[in-house]
Each structure stands twice: as C-alpha cells, then as structure tokens.
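The values are calculated or read from the model by the stated rules, or taken from the named source; none is laboratory data. Computed from a predicted model, the values in this text were never measured in an experiment. Glycine also receives a Cβ, built like all others from the backbone with ideal geometry; neighbour counts cover every protein chain displayed. Note: areas computed on protein heavy atoms with side chains; ligands, DNA, RNA excluded. Shrake-Rupley method; radii C 1.70, N 1.55, O 1.52, S 1.80 Å.
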Amino acid sequence: MNECIFCKIALRQIPTDLVYEDPEIIAFRDLNPQAPIHILIIPKVHIATLNDLIPEQAPLVGKMILAAQQIAVQEGIAIPGYRTVFNCNAGAGQTVFHIHLHLLGGRNMNWPPG
Ligand code: DGP
C-alpha cells in the first residue's frame with residue numbers, strides 16, 4: 001500500500017531502529033514506547049487489521065509470534081516476562097492500519113490492562 005507507513009518501513013523507505021528481519025517479517029522499536037522495551041513486529045505484506053487475515057496467513061502470524069519469542073531472548077526479557085498485543089481497530093487503540101504485534105517488556109505490567 002502506497003501510503004502505509006509500515007509498508008514504507010518494510011521497504012526501507014523510512015529509516016527505523018531495526019531489531020529483526022527475515023524474508024516475511026520485520027521488527028523495529030516503537031517511536032512512542034510504552035515500556036523500556038517496545039518493539040513492533042510486522043509482516044512485510046500489507047494486511048490492514050486482524051479482521052482481514054485469511055486462513056492461508058496463519059503460518060505468517062505464527063512466524064510473527066516466534067519472532068517475538070526470539071527477540072524477547074535477544075532483549076533479555078524472556079525470563080522476567082513480556083507482553084504481546086495486537087490491537088484491532090480504533091476501539092482497541094489501533095492507529096496504524098497494517099497489522100503489528102507489540103512486544104513490551106522491561107517493567108512490571110498490570111492485568112487487566114484497562
Ligand atoms: P497501534 O496503536 O496498536 O496501532 O500501534 C501503532 C504504534 O506504531 C504506536 O505505538 C506508535 C508506532 N508508530 C507509529 N508510526 C511509527 C513510525 O513511523 N515509526 C515507528 N518506529 N513507530 C511508529
């Protein structure tokens with residue numbers, strides 16, 4: 001998608017603090033971090049929201065979660081603990097309409113999140 005900021009990051013048209021890349025996925029530090037470690041894991045292909053996922057993309061989403069697992073080890077938060085979040089649509093706080101998995105850690109987190 002031409003105007004999608006995360007597509008531009010995936011295409012390396014916008015510089016970002018990259019922490020992980022493979023042929024299908026890229027991960028980078030969030031511009032507006034909500035925790036000492038806040039990383040966004042995105043597919044390179046444009047998918048607007050979780051509602052737009054199709055069954056054939058299940059392996060892609062699985063790889064995003066495995067990327068989060070690997071990055072959590074890299075960042076030293078695998079043992080203390082971390083949170084992963086997909087926001088879907090405006091009511092849940094989604095502001096960028098290209099699916100992204102938030103990986104948050106480095107501080108204690110409340111539950112329920114509110
Ligand atoms: P969400 O609210 O779930 O749609 O999360 C979008 C996140 O994306 C938000 O935490 C801020 C982050 N973000 C928005 N634009 C950029 C950008 O250009 N670069 C980076 N690194 N993060 C961005």
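With protein chains left intact and a 1.4 Å probe, residues in the chain average 59 Å² of accessible area per residue. The tail of the calculated P(r) for segment 40-83, taken as Cα-Cα distances beyond 14 Å, holds 53 percent of the pairs. Each helix, a run of at least 4 DSSP H residues, gives -39500 (n - 2.57); summed and divided by the residues of the chain, these come to -6500 deg cm²/dmol at 222 nm.
Computed from Cα positions, the angle between helix 58-75 and the longest principal axis of the chain comes to roughly 40 degrees. If you wrap the Cα atoms of the chain in a convex hull and average its projected area over all directions, you get 7.3 nm². Taking the protein heavy atoms of the chain in the context of the full set of protein chains, the accessible area attributed to carbon and sulfur is 56 percent at 1.4 Å. By the beta carbon rule, with partners counted only under 4.7 Å, the chain holds these lone Cys residues: Cys88. 3J(HN,Hα) along segment 9-15, derived from phi through the Karplus expression 6.51 cos²θ - 1.76 cosθ + 1.60 where θ = phi - 60°, amounts to 5, 4, 8, 6, 7, 10, x Hz, with x in place of Gly and Pro.
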